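Just so it is clear, none of the values below were taken in a lab; they were calculated from the coordinates. Keep in mind it's a predicted model, so treat the numbers as computed, not measured. Counting neighbours? That spans all protein chains shown, and the Cβs are built from the backbone with ideal geometry, glycine included.
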Amino acid sequence: MGPDSKQIGFIQNGTVPKYLSIFKPYSRDTAIFQGYYGLSCPSCKSWRIEQKSNLHCIDCDCTFQEKTISKCSHCQIPMYKEKLLHIVKTARCENCNTEIDLPEEIVDYARS
């Protein structure tokens, strides 16, 4: 018998550090879909990253800093660093063509 919906909630929010492999995000897309930040841990490569004051890995307890924009406010498509370069050049989302004004620190990050 598998976990019930309450146990699944505990697994997803990190209350239970050990989890079935079926709940392990394997890419940026699955991590974002499951409510995680969308970056992998630099120590253990886990995608189960949450944002507190810094970014925190649920699996290895590593804390680190990174910058990213998670998704377009209009179409909700994830915006990875490579997608940000298109927005820097055109000031528009590549997917929905909505105008986006990025902060200067994100522009610098995209160009790095």
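Please report, in debye to the nearest 20, how large the charge dipole of the range 67-112 is about its Cα centre when each Lys and Arg carries +1 at its beta carbon and each Asp and Glu carries -1 there.
That gives a dipole near 160 debye.
Which order, highest average first, do 36-43, 98-105 follow once you tally other Cβ atoms within 10 Å for each residue and take the mean per peptide?
36-43, 98-105
Set the Förster distance to 25 Å, then compute FRET efficiency between PHE23 and CYS75 from the Cβ-Cβ distance, nearest 0.05.
0.40
Using the C-alpha atoms of the range 67-112, what convex hull volume per residue, in cubic angstrom, is computed?
Enclosed volume per residue, from the Cα hull, is 62 Å³.
As a quick test, which of the pairs LYS45/LYS89; LYS6/LYS81; LYS45/LYS81; LYS24/LYS71 have an alpha carbon distance above 26 angstrom in this structure?
Violating the 26 Å Cα-Cα cut-off are LYS45/LYS89; LYS6/LYS81.
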